[in-house]
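Structure first, commentary second.
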Amino acid sequence: MGTAIPLENLRSVKMGFSLEGRKAVVTGAAGGIGYAVCVALAEMGADVALVDLRHDVAVRYAAYLGEKFHVQTMAVACDVGDEEQVDAMMETVTAHFGWVDAVHSNAGILVPGDSGDMPVADWRRIVDINYTSMFLVDRAAANHMHANGRGGAIVNTASMSAHIVNRHPDRHLVGYTSTKAAVLHLTKAMAMDYCRHNIRVNSVSPGYMYSGLHDRIPQERLDECAQNIPMGRFGTMNEIGAVVAFLLSENASYITGSDILVDGGFCAW
């Protein structure tokens, strides 16, 4: 066993937030949460690969981040539910950056009519994107981190819906809540499986966030939802991007297999 670190030798907390020299991958990077995380990582000094099927959007965002923060960026088109595409994406990024040691596996969807009566085709689609894609991205990233011997950190996007069963509007979400709950246990299992290789795996569970996912929901419905949040408001992209960046930083070096709720207290009551 080691001994306590003398106070004068404690690591700088400020420097522990820096991601300079890190090579990051963010999936779902053209969406609100994904892009907010890309901004946070680039601001903290990481080179960032923006992965999304909306390649034109990812290209535009990548160019902006590279110019603004003077880091390397790239955009990669990838269907994260497809094993071959995920493996090819990781090979492309590592060939360009040299390695990958920070990953935010973030891609996810909602489907209309999510309930106990949802069509099986919709069920399979939401499982593929919200759950199977997490496994594929996590596995590809962890295997690269192990192979290059650098270790690293992975953060999965779960949801407060992993902890509760949401109603929308008058039925209860079955596919979304089930897949997000599965992400929590996947995160724990992957964390345990790769811990010996110095690879940390955690998840973040956003609550009601102004992320773009709710753009088609009437404002009166959003206002009604906000009344049920203890803090009385939706979260912002800054408030989720900062948490993911923390989990990928050295300041989170003793955190693995954990989930952080960013929900304004919704799941506390």
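The values are calculated or read from the model by the stated rules, or taken from the named source; none is laboratory data. A quick note: this is a predicted structure, and the numbers were derived from the prediction, not measured. Positions of Cβ are generated from backbone atoms using ideal geometry, with glycine treated the same way; all protein chains shown enter the neighbour counts. Only protein heavy atoms, including side chains, enter the accessible area calculation; ligands, DNA and RNA are left aside. Shrake-Rupley method; radii C 1.70, N 1.55, O 1.52, S 1.80 Å.
Accessible surface area normalised per residue over the chain is 49 Å², counting heavy atoms of protein chains with a 1.4 Å rolling probe.
Kindly express, to the nearest 10 degrees and within the range 0 to 90, the angle between helix 55-69's C-alpha long axis and the longest C-alpha principal axis of the chain. On a 0 to 90 degree scale, this one is about 50. Taking a straight Cα-Cα cut-off under 14 Å and skipping sequence neighbours fewer than 8 places away in the same chain, the aspartates and glutamates within cross-link reach of residue 180 are 114, 128, 259. Heavy-atom accessible area, probed at 1.4 angstrom with all protein chains present, ranks 165, 71 as 165, 71, highest first. Taking Cα atoms only, the orientation of helix 175-194 departs from the longest principal axis of the chain by about 20 degrees. Cross-link partners for residue 23 among the lysines, with Cα-Cα distance under 21 Å and sequence neighbours closer than 8 places in the same chain left out: 14, 68. When each of the peptides 38-51, 115-128 is scored by how many other beta carbons lie within 10 Å of its residues on average, the order from highest to lowest is 38-51, 115-128. Against the chain, whose longest principal axis is taken from its Cα atoms, helix 237-248 shows a tilt of about 40°. Taking the 1.4 Å solvent-accessible surface of the stretch 226-268 as the whole, the part contributed by carbon and sulfur is 54%. For an R0 of 25 angstrom, estimate the FRET efficiency from the Cβ-Cβ distance between residue 217 and residue 238 and round to the nearest 0.05. Between residue 217 and residue 238 the formula returns 0.75. Atom-type composition of the exposed protein surface of the stretch 1-41 places 64 percent of the accessible area on carbon and sulfur (1.4 angstrom probe).
Modelled this way, with points 7 Å down the Cα-to-C-beta line, the labels at residue 17 and residue 4 are 2.7 nm from one another.
Can you compute the FRET efficiency between residue 165 and residue 250 using 1/(1 + (r/R0)^6), with r the Cβ-Cβ distance and R0 = 41 Å? Round to the nearest 0.05. Calculated value: 0.70.
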